[in-house]
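A.B. asks: Take a look at the following structure, please.
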Amino acid sequence: MKLTISRESLLTPLQSIAGVVEKKQTMPVLSNVLLVAEDNTLTLTGTNMEVELVARISPVHIDQPGRITVPARKLADICRALGEESPIELNQQGDRLHLRCGKSHFTLATLPAEHFPNVEDEVESFRLELPQKELRRMFDSTAFAMAQQDVRYYLNGLLLEVAADHVRTVATDGHRLAMAHQDVETGCLEARQVIVPRKGVLELSRLLDDVDTPVTLVIGDNHLRATVGSYTFTSKLIEGKFPDYNRVIPRGGDKVVLADRITLKNTLQRAGILSHENIRGVRLNLASNELQVFANNPDQEQAEDALSVDYQGETLQIGFNVGYLIDVMNALDDDQVKVTLSNPNSSALIESQTDARCLYVVMPMRL
């Protein structure tokens, strides 16, 4: 294999692929990126056996077509460190890949392309197109609530639900729930639900821009495949049944609080400094047009703060994990936030005052 390519053309896709490749691998070839040069196109592939990312760069000046794998992070680091002026020449000689750029010369170890695993193709069962910015919005609005390494493996991912008239993403770790919704005619006759693993959600999010250009999603029985520009991203799906999220959403709360989102967030952050560092609990005291926030810790340190809110109703004391509330404030994109409560043992329903496409549920704590 021998080719010449500009640094800019190679660096961006290489950095995306290096993000997919795990640092510690059981198989050495999984630390590598597969380079395939043919038909004036250089194709780069990285995988960790759960997710796969393919990037196509063209046109590329190819003197000699070929296929080889090289260490992904080392190649990305070298390209990042090179100057922008000179083109990069890649030349495979035996089991080494020579990289030349200006006066710089690097020799990288390789492994045969035949050792590189392929994500198996499967029959697609459904195809969907969405504006990139909408899918990105739904991911950004919900991904933070995914569980991490929970024994309930189906919580370590994001539910993607496609129905005839909407697409929805839902995440929960058992203590909180985040849901985002987009009205769109999908042509899906029967509602489908798949669970995309955490790594798949995070890596796909990085490929999406805040643009109307569509992303094509292909949903199979075991994989989700997304095409974004010159990238093709594939993720295995988590097998399992996601909880019925509709049962978790509290209904009929009679205490509705309207607050300035930034003011509430800042108040929670200040009080949270002196909360117990493990359980992060704060107590909210709700009275007419005022919300008080209290926190303390085992060192007998205490925090008290308050803010004006729009509330007319009975007084209420309720405890929450302050980190969960702050996460919701960060995810919302409105000046005003609406919090609906009913009693100290019931979850809080948190929404934007003007945008009904997202909602959040946070379970209370006993303090």
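The values are calculated or read from the model by the stated rules, or taken from the named source; none is laboratory data. In this text, all values refer to a predicted model and were calculated from it rather than measured experimentally. Glycine gets a Cβ as well: all are built from the backbone with ideal geometry, and neighbour counts include every protein chain shown. Just the protein is used for accessible areas: all its heavy atoms, side chains included, with ligands, DNA and RNA removed. Shrake-Rupley method; radii C 1.70, N 1.55, O 1.52, S 1.80 Å.
A.B. asks: Hey, what's the Cα Rg ratio for the chain versus the globular rule of thumb, 2.2 N^0.38 Å?
C.D. replies: Numbers: Rg = 24.8 Å, N = 367, 2.2 N^0.38 = 20.7 Å.
It is 1.20.
A.B. asks: Okay, moving on. Which order do MET363, MET1 take by accessible area at a 1.4 Å probe, largest first?
C.D. replies: Values: MET363 90, MET1 10 Å².
Order by accessible area, largest first: MET363, MET1.
A.B. asks: Can you give me the accessible area per residue for segment 189-344, using a 1.4 Å probe, in Å²? Write down the numbers at each step before the final one.
C.D. replies: Numbers: 8010 Å² over 156 residues.
Averaged over the residues of segment 189-344, the accessible area is 51 Å².
A.B. asks: Now for a different question. If R₀ is 22 angstrom, what is the calculated FRET efficiency for the pair GLU85 and ALA109, using the beta carbon separation as r and rounding to 0.05?
C.D. replies: Approximately 0.20, to the nearest 0.05.
A.B. asks: Keeping the other protein chains in place, figure out the carbon and sulfur percent of the accessible area of segment 1-157, with a 1.4 Å probe.
C.D. replies: Numbers: 3720 of 7950 Å².
In segment 1-157, the share of accessible area belonging to carbon and sulfur is 47 percent.
A.B. asks: Right, here's the next one. Computing the accessible area with a 1.4 Å probe over protein heavy atoms, can you report the carbon and sulfur percentage for segment 184-248? Each step should come with its number before you reach the end.
C.D. replies: Values: 1580 of 3350 Å².
Solvent-exposed carbon and sulfur of segment 184-248 make up 47 percent of the total.
A.B. asks: What number, rounded to the nearest 500 deg cm²/dmol, is the helix-based mean residue ellipticity at 222 nm of the chain, given -39500 (n - 2.57) per DSSP H run of at least four residues and division by all its residues?
C.D. replies: On the way: 6 runs with 67 residues, N = 367.
Result for the chain: -5500 deg cm²/dmol, rounded to the nearest 500.
A.B. asks: In nm, what is the difference between 0.36 nm times the number of residues separating GLN193 and SER58 and their Cα-Cα distance? If you can, show how the numbers build up before the last one.
C.D. replies: Numbers: separation 135, 0.36 × 135 = 48.60 nm, distance 3.59 nm.
Length gained between GLN193 and SER58: 45.0 nm.
A.B. asks: Can you pull out the GluC sites (Glu not before Pro) in segment 51-112 that DSSP calls coil and that have at most 10 other Cβ atoms within 10 Å?
C.D. replies: Working: sites: GLU52, GLU84, GLU85, GLU89; in loops: GLU84, GLU85.
Taking segment 51-112 and a limit of 10 other Cβ atoms within 10 Å, the loop GluC sites (Glu not before Pro) found are GLU84, GLU85.
A.B. asks: Now a separate question. How large, in percent, is the carbon and sulfur part of the accessible surface of segment 289-337 at a probe radius of 1.4 Å?
C.D. replies: Numbers: 830 of 2590 Å².
It is 32 percent, rounded to a whole number.
A.B. asks: How big is the charge dipole of segment 258-359 about its Cα centre, in debye rounded to the nearest 20, if each Lys and Arg gets +1 on its Cβ and each Asp and Glu gets -1 on its Cβ?
C.D. replies: Values: 7 positive and 15 negative charges, 38 e Å.
The dipole of segment 258-359 has a size of about 180 debye.
A.B. asks: Put +1 on the Cβ of each Lys and Arg and -1 on the Cβ of each Asp and Glu in the chain; which of GLY220, LEU35, LEU258 then has its Cα farthest toward the positive end of the dipole?
C.D. replies: LEU35
A.B. asks: Out of GLY94, GLY19, GLY253, any idea which swings most in a Gaussian network model of the chain, alpha carbons joined below 10 Å?
C.D. replies: GLY94
A.B. asks: Provide, in order from the shortest bin, the percent of all Cα-Cα pairs of segment 236-279 in each 10 Å bin, continuing until the bin that contains the maximum pair distance.
C.D. replies: 18, 21, 33, 26, 2
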